[in-house]
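Accompanying notes for the structure given below.
The values are calculated or read from the model by the stated rules, or taken from the named source; none is laboratory data. Small disclaimer: the values here were computed from a predicted structure and weren't measured. Here Cβ is always computed from backbone atoms with ideal geometry, including for glycine, and neighbour counts include all displayed protein chains.
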Amino acid sequence: MTSAEQPEMKKVRESLDTIDSQLLQLLAERRKLSTSAAAAKTSENLPIRDLNREEALLLDRIRAGRDCGLDSHFVTQIFHQIIDDSVRLQQQFVQKKANKEETKLSRVAFHGIEGSYSHLAAQTHFARSYDSIVHTGCATFGEVLHAVESGQAEYGILPLENTTSGGLNEIYDLLLHSQVSIVGEERCRLDHCLIGATGAGLAGIKRIYCHSQAVAECRNFLSKLHGVHIELFTDSATSVRKIKEEGDATQAAIASEEAARSFGLAVIQREIANQKNNSTRYIVFARAPRHVDMRIPCKTSLVMGTSHQPGSLSDVLQVFREAGINLTKLESRPVADNPGEEMFYVDFEGNVEDGRVQRALQELTRCTRFLKVLGCYPSYDLPQAVVAPQIMATDATRNETGAVTGTSSATPPKPDAKEKEKAEKKGYKLASRAHKESDTIIDIKGIKIGGSSFIVMAGPCSVESYEQIMTCAREAKEHGAVILRGGCFKPRTNPYSFQGLGFDGLDMMVEAGRTFGMPIITEVMAEEDLEGVAAKADILQIGARNMQNYALLKAVGRTHRPVMLKRSLSAPIDELLQATEYLLAGGNQQVMLCERGIRTFETATRYTLDLSAVPVLKRRTHLPIIVDPSHAAGDRDLVAPLALAAKAVGAHGIIVEFHPEPEKALSDGPQALRFPQFEQMMADLFRA
Ligand code: PEP
Ligand code: MN
C-alpha cells in the first residue's frame, strides 16, 4: 500500500465503522420492537406469525432494495435472518409468560468441556432467553441426564441426531428410562476442522484424536490419510485440550474452529466433514414439562412399543393419519435382551394440550404395549416467508402483474384401454398412466416439479469459471428461475472442443447453488463419474446422446437422486418411455423427461422442437415433462417464443441456457440468451 492511499483507506474504514455501528443500533432497536409486538399480540390474542404479512413485507423490502441497487437475494437473506430472529424472540417471550419463568440465571449441563459442540449449542440456545448461564460440563451423556434429574442443573442439552452419522443410539436408550421432559430443540452446524499446534502441517501429522461421531462424519477425509493413527476421545474439545497439553506437532484433533481458538491452537484444515451441511439436532430437557403456547408451532416426542404381530405398526400410523398429524421422525431401537422387539421413537408436529393430539394419544394407548411422552417443545425449524418466483420474475422488469397462475392443466388425462395395452406391449409399465393415474410431483428442496406447477431451470451451457457460474446463479435467482443448470461433463460432438471442467466445475456449481439457495442440475455422462456427481448434484441429467446408454440408465436407476432424462435426437416417444423404464425399474421413481428437439429434414433450426410430444407424453405418462428450447433452436432469438409455446402446451417447466457474454461462451454460444433477453422471457412467461 502506498503512503498516498493510506489516508483514503482510513477514511473509508471510518465510514464503514460508522455505518456498522448504525446498523447494529438499528438492529437492537428493531429487536426491542419485536418484544413490544409480542406483548401486544399476547394482550390482543393475535397469532404470533402471519406468513402472508411476512411475504408482503419481504416483497416490499426487495422492491426498496432494488431501488437502491441491492439484489433481491441479498435483501431476502438479510430479512430472513431478521424475521427468524424476531419470531424466535417473540416465541420465547410468549413461552416465558406461559410458564412464568425467570430470566435471571440458569444452570445448564452439557457433555464435554467448554468449546465442545454441545457447549456451543447450549450457548446459542440459552443466550436468547437467559441473562446469564452457568455451564456444567459432564464426562458422559448419562451424567448430563443425572445432573438434571438430581436438580444440580435446571436444564440439560444432548445431541440426538446428526445429518451425516444419524441418530445417537445411546441417547435414545437413556431417554427411555429417564425422568426428564424434552422442553426444547436446537440445530447447530458442525464445521469440523483439523486442529494442531501452530505451524503444524497435514503432511507431518501421525496421530489424530477425535470423538467417534467425528470419525463417522469425516470418513472421506480420514480415509485419504495414510499412516495416521486415529485415537478415539470422549468429546471434541477434550481432544483439542490433549493436543495443547502434549504440544507435539505430529498430533492433531478434530473439533470446531472455536475450540482451536479457545485453546490457542491452529486450524490445519477447514471443512473436513463428508458433507458441507453437517448439522446436529440437540434436545434440551428439564425435570418438568413446559406448556407451549398454542400459537407456537411445536413438536411432541414419544417412545412406544408395539405388539409383536402383523399390522401393529400400521395401526399406530393409522392413528396419526386419521388425526391429521404429521410425523417428522420415526426411529426404531431394539429392546435389550428381547431380540425381535423394537421400541419406536416418534416426533410429530402438534401440541399435547391440543384436543386432537390428546385424542390421538389416548387412541395410541389402545394399540401399543408401552407409551411415554418424552416432551412437547417449540420447533426449531421455522417456516420462512418466500416471494413466489413468478413475482420475482415479473417484478424485476417493473411491470404490474395480474394474478399469477400455474399453466399445466390440473387434471391429468385419464388412461384409456388402448394406451394401457400399448404400454404393456412396449414395456413401459411403470412410466405409464395405467400404472399411476395421478401426476408424479418431484420435490427438490421444497421446489415442486410436476402437477400444475411451471418452473424454470436456467444457467450456462457449461460451467466455465467460478465467477461465471456465480454471475449466472445470481441472474437466474433474481429473475425467478428456481434451479441452476450447468454442464461440467460435456458431451461434445467435436472431440477437440471444450469438454467441461469436470468435478472442479461441479464444486463451483455447488457453491453457486448454495450461495443463491438453488438446487443444481448437471449432466452425468459416464458410470464411473456417477457416484461423485450424485453426491453433489440435486438432479442428474442424462443427455440426449446417452438416452440409449442402458448401462448408465441402470446405474442411475439405482441412485436416489431425481433424474432428468433427455430425449435422444432420433428417438420416437415410445423409445424415450422405454428408456425411462430402465430408471424406474431400478428403483428410482423421481424421473422427469425432457423434449429437446429431434432431427428432421428441417435445417432452419438446430433441431426441430417437437412440441406435440408434450401433450402426447402427458397422456402416456405420469412423470413431469420439461422442454429445452435452447438446444432445439440453436439460436438465442428463437428461445423465448419456443419457451412460451412450451408453457402453452402444458410443459411442467423449461430448461434454458444463458451466458453473461455469449460471444465468449466455451460451448453453445449462439443459443445462449443474453441476460436482458432472459429477463424479458421470464417476465413474459410469468405474466401470461
Ligand atoms: C445439455 O443440456 O447440456 C446438453 C448437452 O443437451 P443435450 O443432451 O440435449 O444435447
Ligand atoms: Mn448446451
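Residues that are within 16 Å of ligand 1 (Cβ to nearest atom), without any contact (Cβ under 8 Å) to a residue 60 or more places away in the chain, closer than 28 Å to Thr471 by Cα and not β-branched (Val, Ile, Thr): does the stretch 607-626 have at least one?
no
Take Asp684 and decide whether it is among the charged types (D, E, K, R), under 31 Å from the mean Cα position of the chain (by Cα) and within 15 Å of ligand 1 (Cβ to nearest atom). Walk me through it before giving the result.
On the way: among the charged types (D, E, K, R): yes; under 31 Å from the mean Cα position of the chain (by Cα): yes; within 15 Å of ligand 1 (Cβ to nearest atom): no.
No; evaluated as a whole, the condition is false for this residue.
Do we have Ile230 as modelled with pLDDT of 95 or more and either surrounded by 14 or more Cβ atoms within 10 Å (Cβ to Cβ) or in contact with a Pro (Cβ under 9 Å, 6 or more places away or on another chain) (or both) here? Before the answer, list the steps.
On the way: modelled with pLDDT of 95 or more: no; either surrounded by 14 or more Cβ atoms within 10 Å (Cβ to Cβ) or in contact with a Pro (Cβ under 9 Å, 6 or more places away or on another chain) (or both): yes.
For Ile230, the condition - modelled with pLDDT of 95 or more and either surrounded by 14 or more Cβ atoms within 10 Å (Cβ to Cβ) or in contact with a Pro (Cβ under 9 Å, 6 or more places away or on another chain) (or both) - is not met.
Output the strands (runs of 3 or more DSSP E) that fall wholly within the stretch 517-635 and possess 2 or more residues being touching a helix residue (DSSP H, G or I) at 6+ places or on another chain (Cβ under 6 Å) and surrounded by 18 or more Cβ atoms within 10 Å (Cβ to Cβ), or say none. Can you show your working first?
On the way: elements: 520-523, 539-542, 563-566, 591-595, 625-627.
Once the strands (runs of 3 or more DSSP E) in the stretch 517-635 are filtered for at least 2 residues that are touching a helix residue (DSSP H, G or I) at 6+ places or on another chain (Cβ under 6 Å) and surrounded by 18 or more Cβ atoms within 10 Å (Cβ to Cβ), what remains is 563-566, 591-595, 625-627.
Among the residues of the stretch 471-487, write down those that are more than 19 Å from the chain's Cα centre (by Cα) and away from ligand 2 (no atom under 16 Å from the Cβ). Spell out how you get there, then give the answer.
Step one: list which residues in the stretch 471-487 are more than 19 Å from the chain's Cα centre (by Cα), which gives 471-472, 475, 478-479, 486-487.
The answer is Thr471, Glu475, Glu478, His479.
Among the residues of the stretch 322-337, which ones are under 16 Å from Asp354 (Cα atoms) and either in a helix (DSSP H, G or I) or touching a Gly at 6+ places or on another chain (Cβ under 6 Å) (or both)?
Correct list: Glu322, Ala323, Ile325.
Out of (1) over 26 Å from Ala388 (Cα atoms); (2) surrounded by fewer than 19 Cβ atoms within 10 Å (Cβ to Cβ), the odd one out for Phe93 is which?
Status for Phe93: all satisfied but (2).
Which one of these is surrounded by 14 or more Cβ atoms within 10 Å (Cβ to Cβ) and in contact with a Phe, Trp or Tyr (Cβ under 9 Å, 6 or more places away or on another chain): Ala266, Ala253? Break it down into steps so the answer makes sense when it comes.
Working: Ala266 fails: in contact with a Phe, Trp or Tyr (Cβ under 9 Å, 6 or more places away or on another chain).
So the residue among Ala266, Ala253 that is surrounded by 14 or more Cβ atoms within 10 Å (Cβ to Cβ) and in contact with a Phe, Trp or Tyr (Cβ under 9 Å, 6 or more places away or on another chain) is Ala253.
Return the only residue of Leu70, Leu16, Leu27 being modelled with pLDDT of 95 or more and under 28 Å from the mean Cα position of the chain (by Cα).
On the way: Leu70 fails: modelled with pLDDT of 95 or more; Leu16 fails: under 28 Å from the mean Cα position of the chain (by Cα).
From the options Leu70, Leu16, Leu27, the qualifying one is Leu27.
Between a residue in the stretch 517-532 that is within 11 Å of ligand 1 (Cβ to nearest atom) and any residue that is basic (Lys, Arg) and at pLDDT 95 or above, which pairs come within a Cβ distance under 8 Å, given they are 6 or more apart or on different chains?
As it stands, the answer is Ile521/Arg485; Thr522/Arg485, since those pairs meet every condition given.
Scan the stretch 641-660 for residues that are within 16 Å of ligand 2 (Cβ to nearest atom) and either outside any helix (DSSP H, G or I) or touching a residue at least 40 places away in the same chain (Cβ under 8 Å) (or both) and report the count.
So the first thing to find is which residues in the stretch 641-660 are within 16 Å of ligand 2 (Cβ to nearest atom), and the list is 642-643, 654-660.
Among the residues that remain, those that are also either outside any helix (DSSP H, G or I) or touching a residue at least 40 places away in the same chain (Cβ under 8 Å) (or both) are: 643, 654-660.
Result for the stretch 641-660: 8.
Among (1) in contact with a His (Cβ under 6 Å, 6 or more places away or on another chain); (2) away from ligand 2 (no atom under 16 Å from the Cβ); (3) closer than 26 Å to Thr471 by Cβ, there is one condition Ala665 misses while meeting the rest; what is its number?
Result: Ala665 passes all but (2).
Please work out if Gly402 is of a type in the set (Gly, Ala, Ser), modelled with pLDDT under 90, touching a Phe, Trp or Tyr at 6+ places or on another chain (Cβ under 6 Å) and part of a loop (DSSP other than H, G, I, E, B). Explain how you work it out, then say what you get.
Working: of a type in the set (Gly, Ala, Ser): yes; modelled with pLDDT under 90: yes; touching a Phe, Trp or Tyr at 6+ places or on another chain (Cβ under 6 Å): no; part of a loop (DSSP other than H, G, I, E, B): yes.
So Gly402 fails the test.
Assess whether Met682 counts as being over 29 Å from Gln499 (Cα atoms) and either in the same structural domain as Asp538 (by TED's automatic domain parsing) or not in a loop (DSSP other than H, G, I, E, B) (or both).
Details: over 29 Å from Gln499 (Cα atoms): yes; either in the same structural domain as Asp538 (by TED's automatic domain parsing) or not in a loop (DSSP other than H, G, I, E, B) (or both): yes.
Yes; evaluated as a whole, the condition is true for this residue.
For the stretch 661-679, which positions are in a loop (DSSP other than H, G, I, E, B) and away from ligand 1 (no atom under 15 Å from the Cβ)? First the steps, then the outcome.
We begin by selecting, within the stretch 661-679, every residue in a loop (DSSP other than H, G, I, E, B); these are 661, 665-668, 672, 674.
Across the stretch 661-679, the qualifying residues are Glu661, Arg674.
Do you know which of the residues in the stretch 489-499 that are within 16 Å of ligand 2 (Cβ to nearest atom) and free of Cβ contacts under 8 Å to residues at least 40 places away in the same chain is surrounded by the most Cβ atoms within 10 Å (Cβ to Cβ)? Walk me through how you get there before you give the answer.
Step one: list which residues in the stretch 489-499 are within 16 Å of ligand 2 (Cβ to nearest atom), which gives 489-494, 497-499.
Next, only the ones that are free of Cβ contacts under 8 Å to residues at least 40 places away in the same chain stay: 493-494, 499.
Working: Thr493: 6, Asn494: 6, Gln499: 17.
Applying the filter and picking the extreme gives Gln499.
Name every residue in the stretch 563-610 that is over 23 Å from Thr493 (Cβ atoms), in contact with a Leu (Cβ under 8 Å, 6 or more places away or on another chain) and of a type in the set (Asp, Glu), in order of residue number.
Listed by number, the list holds a single entry, Glu581.
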